[in-house]
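Let me begin by presenting the structure, written as structure tokens, before commenting on it.
The values are calculated or read from the model by the stated rules, or taken from the named source; none is laboratory data. Keep in mind it's a predicted model, so treat the numbers as computed, not measured. A quick note on method: Cβ atoms are made from the backbone with ideal geometry, for glycine too, and the neighbour counts reach across all protein chains shown. Note: accessible area is taken over every heavy atom of the protein model, side chains too, but ligands, DNA and RNA are not part of it. Shrake-Rupley method; radii C 1.70, N 1.55, O 1.52, S 1.80 Å.
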Amino acid sequence: MRKILGFLVVLVGAIAASPAHAQLLPVQFGSWTKGSCVAKPVPLTLATEAGLSAFESCAYASANNKIQIALQKLHDPSAAYQVYTAGLHPGMMPSLVGTNAAVANDGLWMLSGNLVLRVDSQKLVSEEDLRALLKSLDGHADKTPLPDVRGYLPSVGLIQGTQRYSLGSEGYSEAVKSLGREKYVELAPEIGFGKSADDAEVMLGSYNNGKGGEEVLLLVLYPTPQLAEQQLHHLQPVLASKAEFAGTTVERDASLLSLVLSPSTPEMAARLRKAIKYDTAVTWNEPATTLTDPPWLLVLKTIFFAAFGFCVLAGAIGVLFGVFRLLMKRLFPGKIFDRTRSVELLQLGLNSKPVNPDDFY
């Protein structure tokens, strides 16, 4: 019985100490002290699809001021970026606290790695204290890069606060609804979400068309150009078969598909596509070298020194051979060199007088 109780105590302690139950929000930052926390905070619906791993909502106090801070920890920065963009809306102003931070009314909506933070009554908090809060969360944040597709949206004419990113059909559906293109929810099963390595990621944004209306650009990025080509041929008949999708076409550029949802004119759709900031590049992983011709003065210098070296070497060999020959003749006279008896001459017999080898010595 004692062993069972001991095992249960260890198990409970391990669960309490696990990262999922670790406290994310600091006890204090700046002049603010942590108070009571909501027992079971309710996250955004999209957070579940994005892989929510922890959620805290706590009150903080400084003197007579009180604020509420909610923090969501997602699977990775891409999932957190989906939740972050879902909370944006037109009219929000950028904040100097962080790169991905926006302010609306009296609330701050902020992204830091795989953490999404909301601060209510943020006007009561100084910028210095907010930076201290962010710094205290660095140990919990995954700082891997955010998805590349977010940078492909054209910046000219973009209505700030309408950017939407999604890795799943639920996030995509909420995005098109928020941008006034509800009928395109039907495309969610056709895009190719949730297929492991074949997963698609989408980025949307609204643009002023200069005529009092808005255009919605949808970018779909696939892991390879082959998958993008496959989905292109799948989406084309789907768009052509339904009257509500009239005027919407899909085009491919390498791994990226682009759609302007119900454009006002084909020219406007073409203009938006032309402004997409997506460039393809071929990467050659094999080692490479650059061949360049040396200066002609260097070539002449090399030839001169090489010829001089060969001359010196030939002279040295000649001198050594001469010394060796004289030495052998002195030590072994008539045995190695000057052996008259063993010398044979080939004669052509052009005259009657025979050649005597002794005549040459």
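Would you list, by chain and number, the aspartates and glutamates whose Cα falls below 17 Å from the Cα of LYS335, excluding same-chain residues fewer than 8 positions away?
Reachable aspartates and glutamates: GLU344, ASP358.
Could you work out the Kirkwood radius for the stretch 134-287, taking every pair of different alpha carbons, averaging 1/r and inverting it, reported in Å?
Numbers: mean 1/r = 0.0606 Å⁻¹.
After inverting the mean inverse Cα-Cα distance, the result is 16.5 Å.
Could you provide, to the nearest whole Å², the per residue accessible area of the stretch 103-193 with probe 1.4 Å?
For the stretch 103-193, the solvent-accessible area averages 44 Å² per residue.
By accessible area of protein heavy atoms, probe 1.4 Å, what ranking do TYR184, TYR278 get, highest first?
Accessible-area ranking of TYR184, TYR278, largest first: TYR278, TYR184.
Can you give the FRET efficiency for LYS277 and GLN23, using 1/(1 + (r/R0)^6), R0 = 41 Å, r = Cβ-Cβ distance, to the nearest 0.05?
0.50
Per the Kirkwood definition applied to all pairs of different Cα atoms, how many angstroms is the hydrodynamic radius of the stretch 127-180?
Result for the stretch 127-180, one decimal place: 14.2 Å.
Cα-Cα over 21 Å: which of LYS40/LYS135; LYS73/LYS143; LYS34/LYS66; LYS183/LYS274; LYS211/LYS242?
In this structure, LYS40/LYS135; LYS183/LYS274; LYS211/LYS242 lie more than 21 Å apart at Cα.
Which semi-axis lengths, in whole Å and largest first, follow from the square roots of five times the eigenvalues of the Cα gyration tensor of the stretch 175-257?
Ellipsoid half-lengths, sorted descending, are 22, 14, 13 Å.
Protein chains only, probe 1.4 Å: how do ILE303, ILE69 rank by accessible area, largest first?
So, going from the largest accessible area down, we get ILE303, ILE69.
Given a 1.4 Å probe and heavy atoms of the protein chains only, how would you sort CYS37, CYS311, largest accessible area at the top?
Sorted by accessible area, descending: CYS311, CYS37.
Under the rule a/c < 1.5 gives rounded, and otherwise a/b versus b/c splits prolate from oblate, where does the stretch 21-140 land using the Cα gyration tensor?
On the way: a/c = 1.59, a/b = 1.20, b/c = 1.32.
Here the stretch 21-140 falls in the oblate category.
Listed highest first by mean packing, meaning other Cβ atoms within 10 Å per residue, what order do 113-126, 131-144 come in?
Details: 113-126: 20.1, 131-144: 15.2.
By packing density, highest mean first, the sequence is 113-126, 131-144.
Using a 1.4 Å probe over the heavy atoms of the protein chains, calculate the carbon and sulfur portion of the accessible area of the stretch 85-134 as a whole percent. Don't jump to the answer; show the numbers that get you there.
Details: 1200 of 2250 Å².
Reported share for carbon and sulfur atoms: 53 percent.
Starting from the eigenvalues of the Cα gyration tensor, five times each then square-rooted, give me the equivalent ellipsoid semi-axes of the stretch 48-93, largest first, whole Å.
Ellipsoid half-lengths, sorted descending, are 25, 17, 7 Å.
Not counting ligands, DNA or RNA, and with a 1.4 Å probe, what is LYS329's accessible surface area in Å² rounded to the nearest 10?
For LYS329, the solvent-accessible surface is approximately 80 Å².
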